[in-house]
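Here the structure comes first, spelled out in structure tokens, and everything after it is commentary.
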Number of protein chains: 2
Amino acid sequence: MKKISLAIHGGAGTILKSEMSDTMEKKYLAGLKDALKQGYNHLKSGGSAIEAAQLAVCSLEDNSLFNAGKGSVFSSNGTHQMDACIMEGEKLNAGAVCGVSGIKNPITLARLVMDKSEHVLLSSKGAEEFGKLMKCKTEPADYFYDEFRFKQWDRIKGSDQFQLDHSSKKSDKFGTVGAVALDSNGNLAAATSTGGMTNKKYDRIGDSPIVGAGTYANNKTCAVSCTGSGEYFIRGVVAYDVSCLMEMKNYSLQQACEEVIQNRIKKIGGDGGLIAVDKKGNISMPFNTEGMYRASKDYLGNENIEIY
Amino acid sequence: MKKISLAIHGGAGTILKSEMSDTMEKKYLAGLKDALKQGYNHLKSGGSAIEAAQLAVCSLEDNSLFNAGKGSVFSSNGTHQMDACIMEGEKLNAGAVCGVSGIKNPITLARLVMDKSEHVLLSSKGAEEFGKLMKCKTEPADYFYDEFRFKQWDRIKGSDQFQLDHSSKKSDKFGTVGAVALDSNGNLAAATSTGGMTNKKYDRIGDSPIVGAGTYANNKTCAVSCTGSGEYFIRGVVAYDVSCLMEMKNYSLQQACEEVIQNRIKKIGGDGGLIAVDKKGNISMPFNTEGMYRASKDYLGNENIEIY
């Protein structure tokens with residue numbers, strides 16, 4: 001039996017069952033199930049890991065519950081500035097965009113950067129210009145409007161509150177979606193997409209679009225997509241750290257993921273989690289926060305959808 | 001005797017003695033010597049590694065011979081879009097900016113991001129806005145104007161040539177400056193700054209401002225600043241790769257640097273080099289191109305300034 005595997009996440013953070021209504025919980029679980037299905041069915045029919053990861057992330061981007069694509073949070077200037085990165089593990093090709101607005105699926109634009117340009121990372125207006133040239137689908141501002149997100153921003157806009165008051169928006173910080181996949185040819189891929197932080201300023205870029213920090217894939221080791229306090233994940237080079245522990249210290253996927261999330265990143269103050277899959281189809285989804293929206297399905301068909 | 005060490009680079013690439021005039025060679029060597037002196041004197045008087053690395057990079061940024069700060073190449077739109085990153089190895093703090101225009105010393109802005117913001121990476125207009133708030137020194141467009149750089153760009157502007165014809169501007173691609181330092185307190189630091197690629201489009205970002213790719217420092221292992229084909233250095237997570245080989249496989253600085261530059265990065269097609277210093281004061285400056293502008297001075301006072 002071909003060892004296919006898929007794992008996805010919809011962000012980690014202060015997600016407490018006591019603060020979640022049954023209706024919302026059902027919506028989140030259904031959103032994760034949908035995305036998982038789209039990616040897994042592609043793998044099952046012999047499709048590539050990179051395409052499966054992209055399909056799953058597109059599904060999460062199209063769902064306004066998650067902070068990416070349609071559900072992106074508001075920046076300090078009232079727009080949506082989105083980041084995404086995709087990487088494949090066979091030849092270590094990667095593509096990424098940061099600070100883009102109006103792009104329906106930033107992960108698709110990242111894939112185009114990987115496939116159709118000589119570059120890895122394009123930013124802001126330039127990335128949008130490249131998207132236009134590639135006929136990447138755009139949407140007007142109201143497509144990205146969501147009342148809940150607007151209220152989140154409206155409460156703190158015009159202030160520096162995102163900098164001063166961690167607790168009130170801790171959960172916002174971790175809004176990211178991602179997918180990691182192993183296909184029937186033994187290829188690994190990882191994809192991550194985010195709308196960033198509510199009320200973010202200064203065109204801040206987090207870990208999501210950074211190869212090695214928020215996203216990494218290598219057929220020799222694993223595929224990783226992170227969600228967490230981006231600045232710490234950049235400084236910890238988290239996604240590549242997992243891969244290095246496997247390659248250089250012969251850690252298992254599980255050991256490497258636990259070591260990075262429960263020890264190495266915590267030591268410098270980082271909160272969050274990650275999803276990872278290795279070349280044998282093993283899946284690991286550790287987090288050091290109260291919860292992480294996550295789901296996975298392995299080659300035996302074992303499905304797992306959880307929040308807390 | 002306190003083990004202080006400093007190494008700097010001014011970029012790697014197709015630098016051939018046969019194509020270099022004596023006058024130009026002297027200018028390059030003098031520029032490297034100046035920068036080395038500024039950083040080393042600071043270390044010698046008990047100053048910090050981070051300050052020494054920043055001082056050396058500022059000196060190279062102020063020299064129009066090198067592609068960073070004043071000597072930055074022209075982007076496709078006729079402006080200068082600069083990237084920089086700085087990191088210290090004690091607490092793994094880092095700051096970086098990408099796509100900034102009009103900032104006299106991008107490395108100083110990166111330092112301000114590290115010291116005065118909660119972020120690691122700020123981009124374009126937002127980074128400039130933060131710089132303004134921090135009273136970071138700016139210069140008008142003509143400060144960055146250099147006839148040689150303008151002619152480089154003028155030959156290919158309006159074309160996609162940077163994408164189609166590697167050989168004609170191979171050396172442009174590698175224009176970067178950097179410094180790595182060990183201070184008398186045993187702290188390491190790394191700094192990198194660049195004007196990017198001539199005629200670059202789409203707000204492309206290379207490896208220089210990316211923690212783990214172009215720049216990395218960790219007191220447990222080493223400080224690294226890279227110069228090379230940025231896209232490959234991002235995919236290879238080069239700077240952190242050196243650190244991981246030391247931490248996880250007990251490689252010496254020399255072994256780790258050689259393995260990464262002569263083997264691992266070459267395997268995926270990457271050209272370039274790096275400078276690195278470890279906690280014992282050892283220095284390594286490998287490159288897989290024809291030349292790399294480089295200089296170093298160790299705790300014994302041994303000075304080394306070379307090009308080819």
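The values are calculated or read from the model by the stated rules, or taken from the named source; none is laboratory data. What you see is a predicted model, and the numbers here were worked out from it, not measured in a lab. Neighbour counts are summed over all protein chains in view; Cβ atoms, including those assigned to glycine, are modelled from backbone coordinates with ideal geometry.
Numbers below:
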{"item": "Residues of the range A:59-73 satisfying the condition of being of a type in the set (A, V, I, L, M, F, W, C) and buried (at least 23 other Cβ atoms within 10 Å of the Cβ)", "result": "A:60, A:66, A:68, A:73"}
{"item": "Residue that is surrounded by the most Cβ atoms within 10 Å (Cβ to Cβ) [pool: residues in the range A:219-241 that are of a type outside the set (A, V, I, L, M, F, W, C) and within 17 Å of residue B:120 (Cα to Cα)]", "result": "A:227"}
{"item": "Considering residues of the range A:127-145 that are closer than 19 Å to residue A:194 by Cβ and either within 14 Å of chain B (Cβ to nearest Cβ) or crowded, with 19+ Cβ neighbours inside 10 Å (or both) only, the residue modelled with the lowest pLDDT", "result": "A:144"}
{"item": "Complete set of residues in the range A:254-275 that are of a type in the set (A, V, I, L, M) and crowded, with 24+ Cβ neighbours inside 10 Å", "result": "A:256, A:260, A:261, A:265, A:274, A:275"}
{"item": "Residue check for residue A:244: surrounded by 24 or more Cβ atoms within 10 Å (Cβ to Cβ) and either of a type in the set (Val, Ile, Thr) or within 11 Å of chain B (Cβ to nearest Cβ) (or both)", "result": "yes"}
{"item": "So residue B:51, is it more than 23 Å from residue B:15 (Cβ to Cβ), among the charged types (D, E, K, R) and assigned to a loop (DSSP other than H, G, I, E, B)", "result": "no"}
{"item": "Tally, over the range A:253-308, of residues that are without any contact (Cβ under 8 Å) to a residue 60 or more places away in the chain, among the charged types (D, E, K, R) and not in a strand (DSSP E or B)", "result": "5"}
{"item": "Residue list for the range B:106-123, filter: of a type in the set (Ser, Thr, Tyr), in contact with a Cys (Cβ under 8 Å, 6 or more places away or on another chain) and within 13 Å of another protein chain (Cβ to nearest Cβ)", "result": "B:123"}
{"item": "Set A:199, A:219: member being in contact with a Leu (Cβ under 6 Å, 6 or more places away or on another chain) and either more than 10 Å from chain B (Cβ to nearest Cβ) or in a strand (DSSP E or B) (or both)", "result": "A:219"}
{"item": "Filter result (at the interface with chain B (Cβ under 10 Å from one of its Cβ atoms) and in a loop (DSSP other than H, G, I, E, B)) within the range A:85-103", "result": "A:91, A:92, A:93"}
